[in-house]
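Participant: After the structure tokens below, expect a handful of questions from me.
The values are calculated or read from the model by the stated rules, or taken from the named source; none is laboratory data. Everything numeric in this text was worked out from a predicted model, so none of it was measured. Using ideal geometry, Cβ is built from the backbone for each residue, glycine included, and neighbour counts are taken over all protein chains shown.
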Amino acid sequence: FSTFAGEPKWTKKVLTYRILNYTPDLHPADVNAAIKKAFNVWSSVTPLKFVKEENDLADIMISFAVRGHNDFIPFDGPGGAVAHAYAPGTGFGGDAHFDEDETWTISTEGTNLFYVALHEFGHSLGLFHSKDPEALMYPIYRKFDPSVFPLHQDDINGIQHLYGHTPITYSDQRESSEVKEPDEPKEPALADTCSPDLTFDAVTTFRGEIMFFKDKYFWRKHPSLREVNVVLISSFWPRLPPGVDAAYEVPEKDETVLFKGNEFWVVRGDTILPGYPQKIYALGFPKDVTKIDAAFYNRNKGKIYFFIVDKFWSYNKRSQSMDRKPRQIREAFPGINGKIDAVFQHNDFFYFFHGRKQFEFDPGKKRVTRLLKTNFWFPC
Amino acid sequence: FPADTRQKKEGIQLIQTYLENYYNFKKDGESDLIWKNNSPITKKIKEMQDFLGLEVTGKLDSDTLDLIQQPRCGFPDIAG
């Protein structure tokens, strides 16, 4: 990523935007929605919030124009330059202009307004063009895949370099109704760490931190620090498919095992060890097991526990043997019932995640000691 | 063949306009039309190819010609 010379950026966290005019290519409501969705994406990875102005001067003034339009960079008719925007600042600083000679759409045909706006608002917030062809801030407009989170790790690193790491807390969002409204179209946007509906695909310790996996990214959290970092899984382990079903760490070997479907990978830091993926059947599972729901390594016993639906297998690292038959989860872990999303060990407790709940389990007392929210570990 | 020559001329015009718009290239008369390794326009083409992740040839090869005809952000990559 790169920023503008002198690294201009907004010093306030709540920015205003105003749409001065509309393209006849789209219904105004579609333009409003595309612009808001673009700002939402930047909000999801920074503390920034964006509020729509109807009449007054706003920080980011948005307009559609053709050819020469009273600034330094005239548009050039269909194709070529489709839009441009200015670095943060007064006057036309931060403003975004869209070339009305393009065919603006909300689909993958023509020029998609959301995607171009997302790039231009990157400029409005202080990002310059990136040399990474995969980055959103790469200057050439390409067809984009709406099912993929539109920001590349390069873009996330850039904007968090300017505005910090922590996403906004859920309570703030409620205050600024503009940023999140119930009827917002479902988008693969980054889930909010403070939402009461937060669920995880997998959780594991990782070199002293805790990794919370969700869709195509994970949050990194040091147990004793407030800060939360969001990372794309693919930026850590490019060869891994998106989404992780289960994960556990063996700290003394500095190895972490990641499960997806009926395959697993062993990684050391951001390196996938050679010879992986392997099939989970190599661990001794029967063929009718197709995925692992959750797993963790009990350091005190030297055992790895694999949870599948309402049963679990355990693998004894010392004797290198897997249970012949699975056991009911509720038998060994009273109070933990049904399918588990994720589990990890912290200090001498096990933390089981089931939907929107988290159970703190004391293996010594063999009982649940606390019922927690899934976002218990985040600074909400 | 005339078609080749016309195509080449169009290509040259395209790349020159692109470099002026986005890479702060200033035309300085005849010399910039001479495709010498160290001509200003060749240097600019290399700079552009490097920025856009293309193979740096300094020439108007097909990849380069394809890329500069794609829609893009109007903000310059190398500001004046």
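Participant: Counting only residues that are under 20 Å from A:Leu118 (Cα atoms) and either free of Cβ contacts under 8 Å to residues at least 40 places away in the same chain or hydrophobic (A, V, I, L, M, F, W, C) (or both), which one in the range A:54-65 is farthest from the other protein chains (Cβ to nearest Cβ)?
Facilitator: The first filter runs over the range A:54-65 and keeps only residues under 20 Å from A:Leu118 (Cα atoms), leaving A:58-65.
Then drop every residue that is not either free of Cβ contacts under 8 Å to residues at least 40 places away in the same chain or hydrophobic (A, V, I, L, M, F, W, C) (or both), which leaves A:58, A:60-62, A:64-65.
Details: A:Ala58: 20, A:Ile60: 15, A:Met61: 16, A:Ile62: 15, A:Phe64: 13, A:Ala65: 11 Å.
It comes out as A:Ala58.
Participant: Looking at A:Ser44 and the list (1) touching a residue at least 12 places away in the same chain (Cβ under 8 Å); (2) surrounded by fewer than 21 Cβ atoms within 10 Å (Cβ to Cβ); (3) of a type in the set (Gly, Ala, Ser); (4) more than 14 Å from chain B (Cβ to nearest Cβ), which single condition is not satisfied?
Facilitator: The single condition A:Ser44 does not satisfy is (2).
Participant: Still on this structure: Just to be sure before I move on: is A:Val257 closer than 26 Å to A:Phe378 by Cβ, outside any loop (DSSP other than H, G, I, E, B) and under 18 Å from the mean Cα position of the chain (by Cα) in the structure I sent? Give the steps one after another, and end with the answer.
Facilitator: Values: closer than 26 Å to A:Phe378 by Cβ: yes; outside any loop (DSSP other than H, G, I, E, B): yes; under 18 Å from the mean Cα position of the chain (by Cα): no.
Criteria not met by A:Val257.
Participant: Does A:Lys339 satisfy the condition of being outside any strand (DSSP E or B), farther than 20 Å from A:Thr205 by Cα and in contact (Cβ under 8 Å) with a residue 40 or more places away in the chain? Walk me through how you get there before you give the answer.
Facilitator: Details: outside any strand (DSSP E or B): yes; farther than 20 Å from A:Thr205 by Cα: yes; in contact (Cβ under 8 Å) with a residue 40 or more places away in the chain: yes.
Against the criterion (outside any strand (DSSP E or B), farther than 20 Å from A:Thr205 by Cα and in contact (Cβ under 8 Å) with a residue 40 or more places away in the chain), A:Lys339 qualifies.
Participant: Of B:Gly74, B:Gly58, which residue is modelled with pLDDT of 90 or more and either at the interface with another protein chain (Cβ under 8 Å from one of its Cβ atoms) or at positive phi (or both)?
Facilitator: Numbers: B:Gly58 fails: modelled with pLDDT of 90 or more.
Step by step, each of B:Gly74, B:Gly58 is checked, and only B:Gly74 is modelled with pLDDT of 90 or more and either at the interface with another protein chain (Cβ under 8 Å from one of its Cβ atoms) or at positive phi (or both).
Participant: I've got another one for you. Of the residues A:His123, A:His129, A:His97, which is buried (at least 22 other Cβ atoms within 10 Å of the Cβ), facing chain B (nearest Cβ under 9 Å), in contact with a strand residue (DSSP E or B) (Cβ under 9 Å, 6 or more places away or on another chain) and in a strand (DSSP E or B)? Break it down stepwise before answering.
Facilitator: Working: A:His123 fails: in a strand (DSSP E or B); A:His129 fails: in a strand (DSSP E or B).
Being buried (at least 22 other Cβ atoms within 10 Å of the Cβ), facing chain B (nearest Cβ under 9 Å), in contact with a strand residue (DSSP E or B) (Cβ under 9 Å, 6 or more places away or on another chain) and in a strand (DSSP E or B) holds for just one of A:His123, A:His129, A:His97, which is A:His97.
Participant: Of (1) surrounded by 19 or more Cβ atoms within 10 Å (Cβ to Cβ); (2) under 25 Å from the mean Cα position of the chain (by Cα), A:Thr11 satisfies all except one. Which?
Facilitator: Of (1) surrounded by 19 or more Cβ atoms within 10 Å (Cβ to Cβ); (2) under 25 Å from the mean Cα position of the chain (by Cα), only one is false for A:Thr11: (1).
Participant: Being buried (at least 17 other Cβ atoms within 10 Å of the Cβ) and in a strand (DSSP E or B) narrows it down to one residue among A:Val289, A:Val244, A:Val203; which is it?
Facilitator: A:Val203
Participant: Take the residues of the range A:66-75 that are within 14 Å of chain B (Cβ to nearest Cβ) and more than 27 Å from A:His152 (Cβ to Cβ): which is surrounded by the most Cβ atoms within 10 Å (Cβ to Cβ)? Break it down into steps so the answer makes sense when it comes.
Facilitator: As a first pass, look at the range A:66-75 and keep what is within 14 Å of chain B (Cβ to nearest Cβ): A:66-69, A:71-75.
From what is left, the residues that are more than 27 Å from A:His152 (Cβ to Cβ) are A:66-69, A:71-72, A:74.
Numbers: A:Val66: 14, A:Arg67: 11, A:Gly68: 10, A:His69: 14, A:Asp71: 12, A:Phe72: 10, A:Pro74: 16.
The extreme case among them is A:Pro74.
Participant: Also, I was wondering about something else. Take the range A:342-352 and flag every residue that is assigned to a loop (DSSP other than H, G, I, E, B) and touching a residue at least 40 places away in the same chain (Cβ under 8 Å). Write out each step before concluding.
Facilitator: To start, the set of residues in the range A:342-352 that are assigned to a loop (DSSP other than H, G, I, E, B) comprises A:347-348.
Once the filter is applied, which keeps residues that are assigned to a loop (DSSP other than H, G, I, E, B) and touching a residue at least 40 places away in the same chain (Cβ under 8 Å), the range A:342-352 yields only A:Asp348.
Participant: Here is a follow-up. Here is a list of conditions, (1) surrounded by 13 or more Cβ atoms within 10 Å (Cβ to Cβ); (2) at pLDDT 90 or above; (3) part of a loop (DSSP other than H, G, I, E, B); (4) not hydrophobic (A, V, I, L, M, F, W, C), and A:Gln358 meets all of them except one; can you say which number that is?
Facilitator: (3)
Participant: Could I ask something else about it? Please enumerate the residues belonging to the range A:276-303 that are over 28 Å from the mean Cα position of the chain (by Cα) and either closer than 17 Å to A:Gly261 by Cα or at pLDDT 95 or above (or both).
Facilitator: Of all residues in the range A:276-303, those over 28 Å from the mean Cα position of the chain (by Cα) come to A:281-289, A:298-303.
Selection gives A:Tyr281, A:Ala282, A:Leu283, A:Gly284, A:Phe285, A:Pro286, A:Lys287, A:Asp288, A:Val289.
Participant: Let me ask something additional. Could you list, in sequence order, the residues of the range A:295-334 that are assigned to a loop (DSSP other than H, G, I, E, B) and exposed (fewer than 14 other Cβ atoms within 10 Å of the Cβ)?
Facilitator: First, the residues of the range A:295-334 that are assigned to a loop (DSSP other than H, G, I, E, B): A:299-302, A:309-310, A:317-320, A:323-326, A:333-334.
Hits for the range A:295-334 are A:Asn300, A:Lys301, A:Val309, A:Arg318, A:Ser319, A:Gln320, A:Arg324, A:Lys325, A:Pro334.
Participant: Is it the case that A:Pro78 is out of contact with any helix residue (DSSP H, G or I) (no Cβ under 9 Å at 6 or more places or on another chain), within 11 Å of chain B (Cβ to nearest Cβ) and on the phi < 0 side of the Ramachandran plot? Steps first, please.
Facilitator: Values: out of contact with any helix residue (DSSP H, G or I) (no Cβ under 9 Å at 6 or more places or on another chain): yes; within 11 Å of chain B (Cβ to nearest Cβ): yes; on the phi < 0 side of the Ramachandran plot: yes.
When the stated conditions are applied, A:Pro78 passes them.
Participant: How do the strands (runs of 3 or more DSSP E) wholly within the range A:19-86 filter down when requiring 1 or more residues that are small (Gly, Ala, Ser): which remain? Show your work before the answer.
Facilitator: Numbers: elements: A:49-52, A:60-65, A:81-85.
So the answer is A:60-65, A:81-85.
Participant: Oh, and also: Being of a type in the set (A, V, I, L, M, F, W, C) and in contact (Cβ under 8 Å) with a residue 12 or more places away in the chain is the filter here; which residues of the range A:252-289 pass it? Let's see the steps before the verdict.
Facilitator: Let us first name the residues in the range A:252-289 that are of a type in the set (A, V, I, L, M, F, W, C), namely A:257-259, A:264-267, A:272-273, A:280, A:282-283, A:285, A:289.
Within the range A:252-289, A:Val257, A:Leu258, A:Phe259, A:Phe264, A:Trp265, A:Val267, A:Ile272, A:Leu273, A:Ile280, A:Leu283, A:Phe285, A:Val289 meet the criteria.
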